[in-house]
Amino acid sequence: MLQTKHLSKDFIQGDSTIHALIDFSFDFPKGITAIMGPSGSGKTTLLNLLAGFDQPSQGEVHLAGKRIDNLSEDARSDIRLHHSGFIFQNWSLLPTLNAIENVAFPMLLAGASKEKRLAKAETLLESFGLKHRAKHKASQLSGGEQQRIAIARALILEPQVLFADEPTGNLDSVSGEIVLELLRQHTQDERRLVLVTHDAEVAKMSDRILYFRDGKFEKIEELK
Ligand SMILES: Nc1ncnc2c1ncn2[C@@H]1O[C@H](COP(=O)(O)OP(=O)(O)O)[C@@H](O)[C@H]1O
Ligand SMILES: [Mg+2]
């Protein structure tokens, strides 16, 4: 479902090469895997490679039964749309769309009818306690509400693999726990969530923690 083999990423800057990720091989089990490590340890680099936003310098990424690292940008974005969901650090809602339109947006890209899109988005908004906000523009919502909208949007196509980069980063601890609880509810069965976080409380709610330092995978802590 989600696996890396000898995955490495270098960035060239001027005369120097930054080894952002070094020889990482891992088969992600189902459930929630938290990624922790100091700033600059390669967490975002790893997530971008797993999700197919970026291509490795060496090694392989396998997602939903396909090797994706050597595919074209178009093929990778197609796999992203149909097999994975991504929750960004800054949430990246479309500010001029209202809440329900933001949630439904991936279904628009996938070619679903308006009726189906709105019905599904409304169900999700309701389960996230945001039905009363459906017609509000994204820019008019609170930080916690915007974050729940971003999660609902990432879940609407029912992806088997979900990626989140510091999804609770700008929230207070209570909102952070609510967000993790929502993510937990949507990570049942065979689903996988890979969660980058610097928050030890949030990481404790996951099934395992992978620790990185200077681009290297240091150790795994099993929690469940
Ligand atoms: N696009 C880029 N160009 C050059 N260097 C980068 C780029 N992205 C990340 N890096 C470098 O790679 C290393 C890992 O960065 P990153 O994955 O963002 O770390 P983290 O998310 O753990 O804070 C850092 O040294 C960072 O400066
Ligand atoms: Mg980062």
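The values are calculated or read from the model by the stated rules, or taken from the named source; none is laboratory data. If you're wondering where the values come from, they're calculated on a predicted model, not measured in any experiment. All Cβ positions, glycine included, derive from the backbone under ideal geometry; neighbour counts span all protein chains shown. Side chains included, ligands, DNA and RNA excluded: accessible areas come from the protein's heavy atoms. Shrake-Rupley method; radii C 1.70, N 1.55, O 1.52, S 1.80 Å.
For the listed residue pairs LYS30/LYS131; LYS137/LYS204; LYS5/LYS30; LYS120/LYS224; LYS114/LYS137; LYS43/LYS204, the alpha carbons are over 22 angstrom apart in LYS30/LYS131; LYS137/LYS204; LYS120/LYS224. Solvent-accessible area of the chain (1.4 angstrom probe, protein heavy atoms only): carbon and sulfur portion equals 49 percent. Take the chain with all the other protein chains still there, run a 1.4 Å probe, and you get 49 Å² of accessible area per residue.
Where a ≥ b ≥ c are the square roots of the eigenvalues of the C-alpha gyration tensor, would you call the range 67-224 rounded, which needs a/c under 1.5, or, failing that, prolate if a/b is larger than b/c, or oblate? Oblate. Going by Cα centres, the range 147-186 and the range 94-138 are how many Å apart? Measuring centre to centre over Cα atoms gives 16 Å.
All other residues whose Cβ lies under 13 angstrom from that of GLU126 are scored, Lys and Arg at +1 and Asp and Glu at -1, for a net of +3.
With K and R counted +1 and D and E -1, the other residues having a Cβ less than 15 Å from that of ALA203 yield a net charge of -4. In terms of the mean number of neighbouring beta-carbon atoms within 10 Å, the peptides 41-53, 16-28, 71-83 order highest first as 41-53, 16-28, 71-83. With springs connecting C-alpha atoms under 10 Å apart, model the chain as a Gaussian network and identify which of GLY176, GLY144, GLY14 has the largest mean-square fluctuation. Largest GNM mean-square fluctuation: GLY14.
As a test, work out the antiparallel percent of DSSP beta bridges whose residues both lie in the chain, rounded to the nearest 5. Just about 55 percent of them are antiparallel.
Would you work out the relative contact order for the range 2-222, in percent, from Cα pairs under 8 angstrom that are 6 or more residues apart? List each step's numbers first, then the result.
On the way: 421 pairs, mean separation 66.3, N = 221.
Here the relative contact order equals 30 percent.
Does the range 1-122 classify as rounded, prolate or oblate by the C-alpha gyration tensor (a ≥ b ≥ c root eigenvalues; a/c under 1.5 gives rounded; else a/b over b/c gives prolate, otherwise oblate)? Let's see the in-between values first.
Details: a/c = 2.13, a/b = 1.80, b/c = 1.18.
Note, shape of the range 1-122 comes out prolate.
Each of ASP214 and SER39 was given a label point 7 Å from its Cα along the Cα-to-Cβ line. The distance between the two points is 1.9 nm.
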